[in-house]
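Worksheet: the structure to be examined is printed underneath.
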Amino acid sequence: MNEHLYRWRNKELREHVSVVDGTLAPTLVLKNAIYLNVFLKQWIKAHIWIYKDRIVYVGDNFPTNTLNTEIVNCEKKYIVPGYIEPHAHPFQLYNPLQLAEYASKTGTTTLVNDNLLWMNLITQKKAFTLLDDFMTLPISMYWWTRFDSQTLLQNEHEIFHDSNILAWLNHKAVIQGGELTSWPQVLADDDHILYWMQEAIRLGKPIEGHFPGASESTLTKMKLLGASADHESMTGEEVFKRISLGYQVGLRYSSIRPDLPRILSELKQLGMNNFDALTMTTDGSTPAFYEKGLMNQCIEIAIQQGVPIIDAYMMASFNAAKHFNMHERLGSIAPGRVAHLNILESKENPTPTSVIAKGQWMKKDGQFSNDKVKIDWRSYGIQPLELDWDLEESDLQFSLPIGLRMVNDVIIKPYAVSIDGNVEEIDRNHDESFLMLIDRKGKWRVNTLIKGFTTNLGGLVSSYSTTGDIVLIGKSKHDLTIAFNRMKELGGGIVLADKGEIIFELPLTLSGLMYEGSMEKLIEKDKQLNNTLKQYGYMYNDPPYNLLFLSSIHLPFIRITPQGIVDVKKKEILFPAIMR
């Protein structure tokens, strides 16, 4: 492991001291700054000295040695710590590099990310090299390690075993275990996951839960087993209960759960006046939700809802850093911290005019510099999807008696199929469609019907899914074949076809899962996808999440997975996958 990426070496530490002594000049000085001191919870005027990627001095003194120092007068400006997104899923159509670059434009300079994609997609050796590559970026990229796949993979035990999980936990870029979607198994008898939890705790790394609607008894038991935090509260009362039990609580403002304004209002009614146990998260929102930024949106909402301004900023910086035991490195403006700083026009407006990440200007006076952010995806085997098989007529057989009925964006229930699935096209006067999950390697398939996705779309084919396998939904086998062939030509993506015509396509040329291009263009494509589907009877809010959730067994009640159709509550495979 490249230790120098995760801590300063002795030579660098001596240089930092030399800057204070005046024998070396700082690289950047922000003079006459009014900055947020999170320890005193006060705004204080000071000069901030930065040497390369580290803050070396904050106080009244001005450096005597300013040889080649950039000096910026910050009079009448306010400086706050760079924002921290504590719970990012950095592969919701976008890729982690793209998200990091875009997030920094509005002041989010640290992301704590889900590692699930790397566990499924590339070898451990390549993944760890990639994590090191991310640490060379100006934006700080940290990770958590999963303890389960969130679905039922055919090769589950090849990924989630002791040597792999423990290696991830011991990596310096991994600062958390979880999120714990498999908590019911832990409560029951899964000592393997419990062992991994205890190892994380031994290493000083918290455990993120996933406890939507959990009772006081469940929350208490999971606290006893080692859970540290949870971001699944949907009401102020649920937040209040978790805090009272000692949890760190993440408040969500996401495309699926934009609960933050209402929860803060309810907490105010409950008399909440201490915000130290609270963070905020956008929880892996889909691209269009990020049009106005990431954590700056959350801070703005918190201020609007009456959270004291200093607490609002700390909820998006210091509170998260402290929770991850990273507060000596991140989340504050003080000697020894990474130089992540946001320069604001006013305290009330958290969208910065200038952003500094690891001592480098990411945005200066509104102008963004994007030449500092590079990752060579191809060197990791992350490239356009290459399928060496074709969709055959024999694959398009739909005869199962049980289908999936969408209740909302998240909930899917079973229903008894009453129509004939062995037709070329399903009638367009109701909301049932063909549904298939097919192995990206072409070895197996699972076929059924889905009710409630759209009313009259011919075909949708997506290589974007929880498992990386191919999802097909639509009324017409002909349109499904057209959409599949186009997706294959693109090297992966989401393609919609109707009545023999391609009506939408989104190339996802990074392993068929992620977009390679600007976030701004992706945001427009995400909007277009939603609007196009709504023209064909789509009734929900977040199509990419619908595609992900089809296979997610942490959600009720029935799912389509690589092993087959699964009853989530009973953990039973109702109908197994068919080998092709």
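The values are calculated or read from the model by the stated rules, or taken from the named source; none is laboratory data. Keep in mind it's a predicted model, so treat the numbers as computed, not measured. With ideal geometry, Cβ positions are generated from the backbone for all residues, glycine too; neighbour counts draw on all protein chains shown. Note: areas computed on protein heavy atoms with side chains; ligands, DNA, RNA excluded. Shrake-Rupley method; radii C 1.70, N 1.55, O 1.52, S 1.80 Å.
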Which numbered condition Arg440 misses (of (1) within 19 Å of Pro544 (Cα to Cα); (2) assigned to a strand (DSSP E or B); (3) open to solvent by 10 Å² or more (accessible area, probe 1.4 Å)): (2)
Per-region count, region 118-142, residues out of contact with any Gly (no Cβ under 8 Å at 6 or more places or on another chain) and over 26 Å from Ile84 (Cβ atoms): 3
Cβ pairs under 7 Å, 6+ apart, first in region 397-419 and under 12 Å from Leu435 (Cα atoms), second at pLDDT below 95 and surrounded by 14 or more Cβ atoms within 10 Å (Cβ to Cβ): Phe398/Gly421; Ser399/Gly421
Helices (runs of 4 or more DSSP H) within region 144-193 that include 3 or more residues assigned by the TED database to the domain that holds Glu232 and under 12 Å from Met119 (Cβ atoms): 156-159, 162-170
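Just checking: which of the strands (runs of 3 or more DSSP E) contained wholly in region 1-93 hold 1 or more residues that are touching a Cys at 6+ places or on another chain (Cβ under 6 Å), at pLDDT 95 or above and assigned by the TED database to the domain that holds Gln297?
Fully inside region 1-93 and qualifying: nothing.
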Per-region count, region 384-400, residues open to solvent by 70 Å² or more (accessible area, probe 1.4 Å) and touching a strand residue (DSSP E or B) at 6+ places or on another chain (Cβ under 7 Å): 1
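Restricting to region 400-429, count the residues that are of a type outside the set (A, V, I, L, M, F, W, C) and closer than 21 Å to Leu480 by Cα.
10
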Some residue of region 338-357 being in a loop (DSSP other than H, G, I, E, B), touching a residue at least 12 places away in the same chain (Cβ under 8 Å) and either in contact with a His (Cβ under 9 Å, 6 or more places away or on another chain) or closer than 21 Å to Ser233 by Cβ (or both): no
Pair list, Cβ < 7 Å and 6+ apart or interchain, from region 53-70 residues that are under 18 Å from Gly82 (Cβ atoms) and open to solvent by less than 80 Å² (accessible area, probe 1.4 Å) to residues that are assigned to a loop (DSSP other than H, G, I, E, B) and basic (Lys, Arg): Asp53/Lys358; Ile55/Arg337
Residues of region 466-484 that turn out to be open to solvent by less than 10 Å² (accessible area, probe 1.4 Å) and closer than 18 Å to Asp409 by Cα, as a count: 4
Of residues in region 518-539 being within 19 Å of the chain's Cα centre (by Cα) and open to solvent by less than 40 Å² (accessible area, probe 1.4 Å), the one farthest from Phe453 (Cα to Cα): Met519
Within region 485-508, tally of residues that are surrounded by fewer than 24 Cβ atoms within 10 Å (Cβ to Cβ) and within 17 Å of Gly442 (Cα to Cα): 5
Region 445-462: number of residues that are open to solvent by 10 Å² or more (accessible area, probe 1.4 Å) and either at positive phi or outside any strand (DSSP E or B) (or both): 2
Search result, residues across region 71-102 that are among the acidic types (Asp, Glu), surrounded by fewer than 24 Cβ atoms within 10 Å (Cβ to Cβ) and within 29 Å of the chain's Cα centre (by Cα): Glu101
